[in-house]
Amino acid sequence: MQFTIFFIVNPNANSGKTKLNWVKKTLPLIQHNFEQAAWIFTEKEKEASFYAFYAKKCGYKTVVAVGGDGTVNEVVNGLLGNPLVFLEDFQHRIHGYLLLDNNIENNIPTFACLPMGTGSDFIRSLGIPIQLNKAIHILKNNKSIYCDVGVIENIDVTNSKNIRYFINIGGAGASGEVAQRVNLSHKRLGKNGTYIFAAVQTLLKNNHFPVQITYDDEAPFEIDLRVIFICNGRYCGGGMEVSPYSQLNNGFFQIIQVREMNKLKSIYLTKRLYSGNFSGLEKDFILRTAKKIKIIPLKNSLIPIECDGEQPFFAPVIFSIQAQKLNVIADLK
């Protein structure tokens, strides 16, 4: 069987350093290790989702997101049949081993990541190292797991239903605000610095959000929400191990729900979130599992929703999990 592989490269990832790194370092290694490889540079936001969708229809066996968690999110959406944009006249930009679009609807390629972005958190849950040679070795070994995928449903003001898949961590409230700030920044502070600076700005603003939350088929309840993390993977925010007990294929989200709190306590919270240690904060946290979470804003509050570092919607939304939806290359011991 042909091992055809398609690399979707975000050249603007890692503050624009990815393009040069790809040309000088990564591409020679790819060409040496994979005879039937194709690759393309994205030019605009959301294009990676379309190229993944295209690769799926062409019949490529493996599709690789080259960039950060935002690129990962777009590629996952494309592989699962949810392209976020549609493009024409792009085939001439594809380099390498080209398969024609055969409209193969039932093909879902194996998904893989090469980390090169500002945020590369999902790879930590997969056991993929940041070192390029080691990551390519794991890619070539082609060992994989079937991974759960989250999906967010949103009804917009025109009563249209929108969806967005995510594979790492979603959330609402302060996490959505941080995602907004990170994506609007120039990211000159590097991976961790960018996230920490955005988190401090958000903490100092100290917003809270009146919401109604429903877990699974339980009774709804109202709360002044600071932030909620809805976790498939373990890490977010440039290395923050917010959910150390998450598993990628157990069919459940791990939930970390945080109540309203003052600024000083919020700063202390950030330190705890990086370690995943919530001991002594039981009054401020709800830690649990769920398969479905419904979030409805109260008092006309505008609540940003985040997934894999992107901010696609505002509440109301429904988060749900689809068990073992995507085959993903990993190196789990």
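The values are calculated or read from the model by the stated rules, or taken from the named source; none is laboratory data. Since the structure is predicted, the reported quantities are computational estimates derived from the model, not experimental observations. With ideal geometry, Cβ positions are generated from the backbone for all residues, glycine too; neighbour counts draw on all protein chains shown.
To keep it simple, each residue is scored yes or no on (1) crowded, with 24+ Cβ neighbours inside 10 Å; (2) assigned to a strand (DSSP E or B); (3) among the charged types (D, E, K, R); (4) touching a Cys at 6+ places or on another chain (Cβ under 6 Å).
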position	(1), (2), (3), (4)
108	no, no, no, no
112	yes, yes, no, no
123	yes, no, no, yes
130	no, no, no, no
136	no, no, no, no
140	no, no, yes, no
146	no, yes, no, no
170	yes, yes, no, yes
Conditions (1) under 24 Å from residue 150 (Cβ atoms); (2) surrounded by fewer than 20 Cβ atoms within 10 Å (Cβ to Cβ); (3) modelled with pLDDT of 75 or more: number failed by residue 275: (3)
Condition met for residue 133 (out of contact with any strand residue (DSSP E or B) (no Cβ under 6 Å at 6 or more places or on another chain) and in the same structural domain as residue 259 (by TED's automatic domain parsing)): no
Count of the stretch 88-106 residues which are crowded, with 16+ Cβ neighbours inside 10 Å and in contact with a helix residue (DSSP H, G or I) (Cβ under 9 Å, 6 or more places away or on another chain): 3
